[in-house]
1. State which residue pairs qualify: first residue at positive phi and inside segment 370-383, second residue at pLDDT 95 or above and not in a helix (DSSP H, G or I) in any location, beta carbons under 8 Å apart, and separation of 6 or more residues or different chains.
2. Are any of the residues in segment 207-225 farther than 20 Å from residue 463 by Cβ, out of contact with any helix residue (DSSP H, G or I) (no Cβ under 8 Å at 6 or more places or on another chain) and crowded, with 20+ Cβ neighbours inside 10 Å?
3. Can you spot a residue in segment 309-316 that is farther than 24 Å from residue 519 by Cα, crowded, with 24+ Cβ neighbours inside 10 Å, in contact (Cβ under 8 Å) with a residue 60 or more places away in the chain and under 20 Å from the mean Cα position of the chain (by Cα)?
4. Tell me the strands (runs of 3 or more DSSP E) entirely within segment 113-154 that contain at least 2 residues that are assigned by TED's automatic domain parsing to the domain that holds residue 273 and in contact (Cβ under 8 Å) with a residue 24 or more places away in the chain.
5. If you take the residues in segment 53-85 that are in contact with a strand residue (DSSP E or B) (Cβ under 9 Å, 6 or more places away or on another chain) and in a loop (DSSP other than H, G, I, E, B), which one is surrounded by the fewest Cβ atoms within 10 Å (Cβ to Cβ)?
6. Anything in segment 86-112 that is under 22 Å from residue 253 (Cα atoms) and either buried (at least 18 other Cβ atoms within 10 Å of the Cβ) or not assigned by TED's automatic domain parsing to the domain that holds residue 248 (or both)? List them, or say none.
7. Among the residues that make up segment 343-350, is at least one of them part of a loop (DSSP other than H, G, I, E, B) and modelled with pLDDT of 95 or more?
8. So residue 454 ticks every box in (1) surrounded by 22 or more Cβ atoms within 10 Å (Cβ to Cβ); (2) free of Cβ contacts under 8 Å to residues at least 40 places away in the same chain but one. Which box is left unticked?
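The values are calculated or read from the model by the stated rules, or taken from the named source; none is laboratory data. The shown structure was predicted, so the numbers you read here are calculated from the model rather than taken from an experiment. Positions of Cβ are generated from backbone atoms using ideal geometry, with glycine treated the same way; all protein chains shown enter the neighbour counts.
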């Protein structure tokens with residue numbers, strides 16, 4: 001398919017949408033798309049990516065010295081395009097602090113007493129520290145609580161009628177089917193919810209997709225010694241000691257309550273709240289942590305809209321520009337696809353937007369710390385938003401769009417890698433059916449890509465919807481679309497390099513994101529909210 005085409009100034013809908021909107025009347029036409037979309041080219045994408053994925057940037061690890069160089073590169077280009085800084089101080093760098101912690105093996109321990117017999121477990125063999133753990137020593141009886149989510153407004157409260165004061169909660173890392181996770185706050189789940197209800201500690205069972213891998217001793221030991229990075233916790237946030245169990249130990253502990261891993265996940269994934277299960281078990285646990293705090297930054301630019309009234313609303317385009325730290329022997333994890341491809345695409349979209357400004361303002365956000373747990377997007381949504389969240393109409397997030405599955409590729413790791421004319425879309429119909437309709441119609445008119453919704457299925461075990469930065473915007477009710485090419489054999493490996501990128505595919509996807517986002521930015525109304533049935 002040729003990348004050169006001229007779009008008519010007004011595009012009539014080719015077919016009527018089958019979507020019933022919750023507000024307003026669907027317009028008979030969609031806004032026209034400017035010719036500036038054609039400035040998004042393979043050569044411009046390659047220029048950005050060859051710098052961002054270069055050896056000199058060392059992989060763009062959030063806490064590395066070279067990460068600041070990447071931030072300055074992005075900020076300089078946004079300024080050159082005519083954007084203004086989106087940080088509170090008027091700069092392009094939205095600074096925030098993260099906490100880096102490692103387990104102190106000398107102070108981290110677990111003793112379990114099952115049926116009157118006490119066993120001392122070993123860090124790295126049987127358990128690891130939890131991500132949001134506090135340091136400290138606690139002891140108490142163990143009670144199984146399913147996921148431990150307390151959301152009474154959704155008729156789901158695993159703590160209802162349960163006394164966990166002075167006890168240790170055993171929780172399963174799962175999401176109940178039918179529960180709207182976008183309305184679950186941090187303090188309603190995990191260690192914060194347990195602490196709020198009086199528990200002194202938490203033992204967690206890791207997500208199902210990690211269990212098989214965690215049976216390997218080498219994996220458990222690597223996780224046990226790994227640096228964990230989180231947003232620096234607010235001083236008012238009450239955390240308690242948390243440990244994550246390996247699958248064998250989890251299975252053994254569950255047997256004391258007549259359960260196993262399969263049954264525990266079945267209970268945890270139900271819409272209705274779990275019934276607390278008393279266990280013939282107690283624990284003494286201790287968590288020792290070595291912590292350091294470091295500053296890092298998102299890069300945020302704003303292009304003021306052309307309409308005097310609508311410029312007070314924003315359409316966001318986002319990507320994460322961080323990747324992984326160097327390996328023990330200095331191996332560089334270049335991150336060309338993940339997410340150099342998304343970062344480069346957002347830069348070209350920003351450039352094209354600046355050529356002919358839409359009615360609404362555009363906010364470009366390059367997030368830090370995505371690989372460490374969506375940290376940058378969490379900061380920009382939960383702590384200190386660059387623009388008021390209620391004024392963001394939609395977020396278009398790109399994370400990996402640069403790879404195509406070659407003909408004849410039978411590698412199991414490439415099973416779900418898309419071909420040169422296909423891209424996965426996630427989330428487009430979760431919050432706004434109107435956004436989904438605009439996305440579909442725009443693609444049919446212009447790029448004619450195959451839009452694959454495999455990962456959009458709520459039952460998909462990979463749970464991609466929750467694993468990139470768009471999720472933190474969706475949690476706040478902002479309509480999102482996430483663009484993704486699928487994992488591949490080079491995912492999170494030093495071999496994710498520029499020479500393997502399909503720049504023609506990148507161009508088509510980036511143009512589709514621009515076209516869809518432009519139309520949303522030009523609408524005479526806000527997107528109607530209403531999810532697909």
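1. Close Cβ pairs satisfying both conditions: 374/367; 374/468; 374/469.
2. Yes - at least one qualifying residue is present in segment 207-225.
3. From segment 309-316, those farther than 24 Å from residue 519 by Cα are none; that's our starting set.
Scanning segment 309-316 turns up no residue that is farther than 24 Å from residue 519 by Cα, crowded, with 24+ Cβ neighbours inside 10 Å, in contact (Cβ under 8 Å) with a residue 60 or more places away in the chain and under 20 Å from the mean Cα position of the chain (by Cα).
4. Values: elements: 117-121, 127-129, 136-144.
So the answer is 127-129, 136-144.
5. Restricting to residues being in contact with a strand residue (DSSP E or B) (Cβ under 9 Å, 6 or more places away or on another chain) and in a loop (DSSP other than H, G, I, E, B), the top hit is 82.
6. Of the residues in segment 86-112, the ones under 22 Å from residue 253 (Cα atoms) are 108-112.
Scanning segment 86-112 gives 108, 109, 110, 112.
7. Taking segment 343-350 and keeping what is part of a loop (DSSP other than H, G, I, E, B), we get none.
No, there is no match, as no residue in segment 343-350 is part of a loop (DSSP other than H, G, I, E, B) and modelled with pLDDT of 95 or more.
8. The number of the failed condition is (1).
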